[in-house]
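Student: Below you will find the structure I want to go over with you.
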Amino acid sequence: MLAASTTAIGWVIFTITVLGWVVYYFANRRSAQAELGSEVELAPNRKPYYDDETLEGRRLERVQLFGVLLLALIVIMLPLYWVFEPHRQAGAVSGKEGRFVSWGGKLYATTAEGGFNCAGCHGASGGGGVAPYSVSDPLTGEVKAVSWTAPALNTIFYRYDESEVKFILVYGRPFSPMSPWGLAGGGPMNDQQIETLIAKLWSLQIPREGCTEDDPNCDVGTLPASEKQRIDADATTAAKALVAAGKYATVDEAMGEALFNLSTSSGAYSCARCHTQGWSWGDPGPTGQGAFGWNLTGGATAKHFPDQADMESFIAAGSEYGKRYGVQGQGSGRMPGFGAMLTEEQIQAVVEYVRSL
């Protein structure tokens with residue numbers, strides 16, 4: 001906005017200056033003609049140098065022309081500099097962002113392309129994918145290979161802020177295929193590489209509604225209506241399946257469980273990913289009994305959130321590092337926020353279902 005205002009002011013000053021020069025030229029054109037009697041010589045009472053004919057002839061005209069050209073250069077170039085400087089600054093910022101995205105893209109690429117294989121698990125466009133992983137049975141110790149459903153990254157900044165994403169990249173997700181990638185977490189990437197990888201993730205984001213054009217990293221907009229409709233369609237299909245199975249009488253009653261366990265094309269938004277053991281590799285255990293996230297059954301949610309509206313606000317905003325929530329809860333930043341992706345009615349349906357577990 002500031003750059004646009006500065007540019008507009010610069011163009012006005014430039015236009016006024018040019019018009020002033022044009023008016024000045026035509027106003028003084030006639031008066032600049034040689035006067036009668038100008039050829040009269042002055043008294044030669046000084047040290048001989050150039051004679052008057054030489055001093056007041058072509059040499060003087062050249063000096064005057066040079067001075068006028070310098071003045072014109074200053075008058076014209078200063079406004080022009082003012083006009084184009086905001087564009088130059090914006091171009092420098094855009095160029096830096098473009099280079100960061102390019103460098104981050106090389107890190108994001110598959111192993112075969114020389115990258116760290118982010119695309120191999122999360123998809124080339126960040127839409128999610130499958131990662132090979134091995135899990136062990138805590139009772140028998142049996143180890144088996146599974147295909148872990150990797151979450152979508154093209155909506156990650158709808159659910160987490162940038163500092164939380166950086167923490168995940170540096171330290172990974174324990175007990176999942178997401179290993180630490182930052183040096184502080186034991187991974188191979190330095191801080192600069194992590195920053196460029198984050199720039200790449202920003203470039204993959206589904207464009208938000210409610211953002212301004214001059215804010216490419218907008219984090220206050222919401223998911224586009226088309227994407228919300230896709231989530232609603234997937235959830236409705238899942239809810240109808242629950243009704244057909246006899247678990248609920250209506251689709252509205254089944255919507256909370258459908259959203260909690262959503263595992264279709266919108267599976268990246270599933271609560272069960274973190275709160276149900278085995279959901280990520282297609283072998284879910286008891287619903288809501290905890291995995292990466294805490295156990296939601298046995299009245300645990302009512303103890304943490306006596307007020308249902310408080311719980312709905314927490315799910316919409318997510319866990320903010322160090323911030324208090326519920327009863328004696330302090331945020332760690334690991335719980336994503338879903339307010340930019342789900343409607344208030346959908347969040348309410350999920351909360352009602354969770355509180356019934």
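Rule-based calculations on the coordinates, nothing more; no lab input. The structure displayed is predicted, hence computed values, not measured ones. Note: ideal-geometry Cβ built from the backbone for every residue, glycine included; neighbour counts use all protein chains shown.
Student: Would you compute, from DSSP H runs of 4+ residues alone, the mean residue ellipticity of the chain at 222 nm, taking -39500 (n - 2.57) per run and dividing by the full residue count, rounded to the nearest 500?
Tutor: Helices in the chain give a 222 nm mean residue ellipticity of -16000 deg cm²/dmol.
Student: Only four residue types carry charge here, +1 at the Cβ of Lys and Arg and -1 at the Cβ of Asp and Glu. Report the dipole size of the stretch 111-204 about the Cα centre in Debye, rounded to the nearest 20.
Tutor: Values: 5 positive and 8 negative charges, 27 e Å.
Around 120 debye, computed over the stretch 111-204.
Student: Note the full-extension length gain between K106 and T15 as 0.36 nm times their separation in residues minus their Cα-Cα distance, in nm to one decimal. The partial results should precede the final answer.
Tutor: Details: separation 91, 0.36 × 91 = 32.76 nm, distance 4.63 nm.
Here the segment from K106 to T15 would lengthen by 28.1 nm.
Student: Tell me, what does the Kirkwood hydrodynamic radius of the stretch 111-204 come to in angstroms if you use every pair of distinct C-alpha atoms?
Tutor: About 14.2 Å, per the Kirkwood formula over Cα pairs.
Student: Which cross-chain or sequence-distant (5 or more) residues have an amide H under 5 Å from the amide H of V146, H modelled 1.01 Å from N in plane?
Tutor: Y133, S134, V135
Student: Same structure, new question: Could you pull out every residue, at least 5 positions away or on a different chain, whose amide H is within less than 5 Å of the one on G318? Hs are placed 1.01 Å off N in the peptide plane, and Pro or chain starts have none.
Tutor: F338
Student: Based on Cα positions only, what radius of gyration and what Dmax would you give for the chain, in angstroms?
Tutor: 34.3, 121
Student: Assuming a strict under-22 Å limit between Cα atoms, what lysine pair count do you get for the chain once near-sequence pairs (fewer than 8 apart, same chain) are dropped?
Tutor: For the chain, the number of qualifying lysine pairs is 9.
Student: A follow-up question, please. Please report the net charge: other residues with Cβ closer than 12 Å to the Cβ of G293, K and R +1, D and E -1.
Tutor: That sum, taken over residues with Cβ under 12 Å, equals +3.
Student: Something else: Send over the Kirkwood Rh of the stretch 225-355, from the inverse of the averaged 1/r over different Cα pairs, rounded to one decimal Å.
Tutor: Values: mean 1/r = 0.0666 Å⁻¹.
Computed over the stretch 225-355, the radius equals 15.0 Å.
Student: If one takes the longest principal axis of the Cα atoms in the chain, at what angle in degrees, from 0 to 90 and to the nearest 10, does the Cα axis of helix 162-171 lie?
Tutor: 60 degrees
Student: Based on Cβ point charges of +1 for Lys and Arg and -1 for Asp and Glu, what charge dipole magnitude is obtained for the chain about its Cα centre, in debye rounded to the nearest 20?
Tutor: That gives the chain a dipole magnitude of about 620 debye.
Student: Per residue of the stretch 145-151, what does 6.51 cos²θ - 1.76 cosθ + 1.60 with θ = phi - 60° give for ³J(HN,Hα)? Whole Hz please, x for Gly and Pro, Karplus curve as stated.
Tutor: My calculation for the stretch 145-151 gives 7, 10, 9, 7, 6, 7, x Hz in order.
Student: Nearest 10 degrees, 0 to 90: what angle lies between the long axis of helix 344-355 and the longest principal axis of the chain (Cα atoms)?
Tutor: Roughly 30 degrees, rounded to the nearest 10.
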